[in-house]
Amino acid sequence: MTSAVDKRDSGYLDRPRSSSLADVVELILDKGLVIDAYVRISLVGIELVTIDARIVIASVDTYLRFAEATNRLDLYEHGGKDLGEMTESLAKGGASGKTSGVIDGAKDKVGELLHGSDDDDDDDDDDESSSRRSRSGNGRSSGNGRPRSRAR
Amino acid sequence: MTTSVAASCYVFGVVPAGARLPEVDETAVAEGLRLVEAEGLAAVVGTPPADRAVGRAVDLLAHDRVLAALVAAGTPVLPMRFGAVLRDEAAVIDDLLTARAGTLRADLDRVTGRVQFTLTVRYEQDVVLRELLASRPDIARLRGSGATHSLDGRLRLGELVVQAIDRMRPTDAQAVMDDLRDAVDIRRNKTTSPEEVLSAAVLVDEGDADAFEQNMVDVARRHHPRLRIRLVGPSAPYDFVGTG
């Protein structure tokens, strides 16, 4: 992806110079011409990956994440807080930090999934929680050249 | 299905017959890039690895790199969905190029001289939350109360916030849609999280690409700091094939 444009660093528009893995996943999974199943061979669990990419994040996790974000706002809204409030907010932040790492975006998960069967490349995503790692274990077993059934 | 892997073809996309092959150093997902031609059309194919299944991150990136190289060379291309492998060249000719010659040609005509941009619009979380707290006393009250010390209380707060954002989204998405210029066609994709406002693919005439991008800079400035806009492309027209 090259384009002769100098104004990409306007500071307003987020304009990546090269596509990240997440961009490529977003761009190509589920897209493009499909070949009829009966003539195609070896699909390699791609469908499984696709489903993970489109996962609708469980609403409980989402609610907690937004509750946390909303609660956290007052940390920088008013300056001086008493110590009690401070520690309370921090404690909550710590607790849910673990959760938000996991649900931070379905696309990250796909990155993890894809990396499950591969290590020798250029991913730049290093904040991995243990639960994400265990997820990627699920995607790895794909093999057999048969499309996975579409689990919900 | 037992077939020789050596004969099988990983298909990247369909181009006009006689198109120049892109020069791509490393194509992980398939090697020996070549054209298989029929009906005035050509499939860009390579031989997939015999010793492993495709589906790694490098395979996805390689798939995109080949298609991006075609686009960069000005070759009209219909991208195949990632992971398309056919039995052999005969299958590429019969089951793909010949069997679907009519629609392939029509699709190619539609994307010739055009490129895809993909934009993702997200809420700047803190800005939107502050806005909500100002406009929704019930949410502000709940947040300030001891109720959020309990899990139930936090769930209720989160639910109210997410529902409020759900109600804002259509208007904000439409505002960005209305701001788009120089689009030949637009496909909206599903959004996947509450802070995602809009995800859309835009087909643009190559000659308008710079104008389109400049306008997007203006749009991003206009919606700053509430919305953050990410623009990827120009790319192959992934969202504009096989849809009739």
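The values are calculated or read from the model by the stated rules, or taken from the named source; none is laboratory data. Everything quoted here is computed from the prediction, not taken from an experiment. Note: ideal-geometry Cβ built from the backbone for every residue, glycine included; neighbour counts use all protein chains shown. For the accessible areas, the whole protein counts, side chains as well, though only heavy atoms, and no ligand, DNA or RNA atoms are used. Shrake-Rupley method; radii C 1.70, N 1.55, O 1.52, S 1.80 Å.
When restricted to residues that are more than 12 Å from every other protein chain (Cβ to nearest Cβ) and either crowded, with 21+ Cβ neighbours inside 10 Å or farther than 30 Å from B:A7 by Cα (or both), region B:91-132 contains 5. Tallying residues that are in contact with a helix residue (DSSP H, G or I) (Cβ under 7 Å, 6 or more places away or on another chain) and of a type in the set (A, V, I, L, M, F, W, C) within region B:49-96 yields 8.
With the structure loaded, tell me whether B:L198 is more than 10 Å from chain A (Cβ to nearest Cβ) and over 21 Å from B:P79 (Cβ atoms) or whether it fails that test. Answer is yes for this residue. Within region B:35-45, being farther than 19 Å from B:Y238 by Cα and either of a type in the set (A, V, I, L, M, F, W, C) or exposed (fewer than 15 other Cβ atoms within 10 Å of the Cβ) (or both) holds for B:L35, B:V36, B:A38, B:G40. For region B:4-55, the tally of residues that are touching a strand residue (DSSP E or B) at 6+ places or on another chain (Cβ under 9 Å) and within 11 Å of chain A (Cβ to nearest Cβ) stands at 14. Considering B:G153, B:G233, the condition of being among the small types (G, A, S) and free of Cβ contacts under 8 Å to residues at least 40 places away in the same chain is satisfied by B:G153 alone. The condition (being surrounded by fewer than 20 Cβ atoms within 10 Å (Cβ to Cβ) and either at pLDDT below 85 or not in a loop (DSSP other than H, G, I, E, B) (or both)) is satisfied by just one residue among B:G13, B:G32, B:G18, B:G55: B:G32. Just one residue in the set B:T118, B:T75 is among the polar types (S, T, N, Q), touching a residue at least 60 places away in the same chain (Cβ under 8 Å) and assigned to a loop (DSSP other than H, G, I, E, B); that residue is B:T75.
Let's see how each residue does on (1) open to solvent by 40 Å² or more (accessible area, probe 1.4 Å); (2) farther than 30 Å from B:R65 by Cβ; (3) hydrophobic (A, V, I, L, M, F, W, C):
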{"position": "B:V161", "(1), (2), (3)": "no, yes, yes"}
{"position": "B:T171", "(1), (2), (3)": "yes, yes, no"}
{"position": "B:T191", "(1), (2), (3)": "yes, no, no"}
{"position": "B:V202", "(1), (2), (3)": "no, no, yes"}
{"position": "B:E213", "(1), (2), (3)": "no, no, no"}
{"position": "B:L231", "(1), (2), (3)": "no, no, yes"}
{"position": "B:V241", "(1), (2), (3)": "no, no, yes"}
